[in-house]
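Input: a single structure, listed below in structure tokens.
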Amino acid sequence: RVSADVHRWYPIPWDLPRASLHVDREQALLWRRARTFVEGCSEPGGFIFAAPLIPLLYFVSERRNPTPYDLLIPGRVDGPAIVERLEASGTRCVVLDTETYPEYPPFAQLFPEVDRYLGQAFEPQLRIRGERGSWLGLVRREAPRP
């Protein structure tokens, strides 16, 4: 049983083949748009990168994280290893939360190698907007043709 308050705070059922969640309208909008983006730019079971704090996207989209990190927060996170894994896996799309939690420094400051790599290897394709947040859908740049 769930309290009436929880139902009021999270009224939108988000039924998925692998899980059922209740979220607020804002979350429903962001998650549905992010999942649609990921499904359009990656193969089922393929690699995506969801950063810095949206690891649930791997589960709901049935895609894999090529890095050993589900959360990119201050601590023992190796930025160069993330870049290496993204490159080696050929990860084609990234969902980047551009408005991360306020208690952390900006993503570019925390993980400059990752930020620089994403800017060079990927290009923005979609701004995934909600009322209180914004995620950025990035797609790998095509290699220049000789």
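Rule-based calculations on the coordinates, nothing more; no lab input. Just so we're clear, the structure is a prediction, and the values are computed from it rather than from any experiment. Glycine also receives a Cβ, built like all others from the backbone with ideal geometry; neighbour counts cover every protein chain displayed.
Details
- Principal axis box of the stretch 31-121, alpha-carbon based, largest edge first, Å: 32, 28, 22
- Sequence ranges 41-52, 65-76, ranked by mean other-Cβ count within 10 angstrom, highest first: 41-52, 65-76
- Environment charge at residue 57 (Cβ cut-off 12 Å; Lys +1, Arg +1, Asp -1, Glu -1): +1
- Dipole magnitude for the stretch 47-100: about 140 debye, using +1 per Lys or Arg Cβ and -1 per Asp or Glu Cβ, origin at the Cα centre.
- Over the stretch 92-131, volume per residue of the alpha carbon convex hull, in Å³: 70
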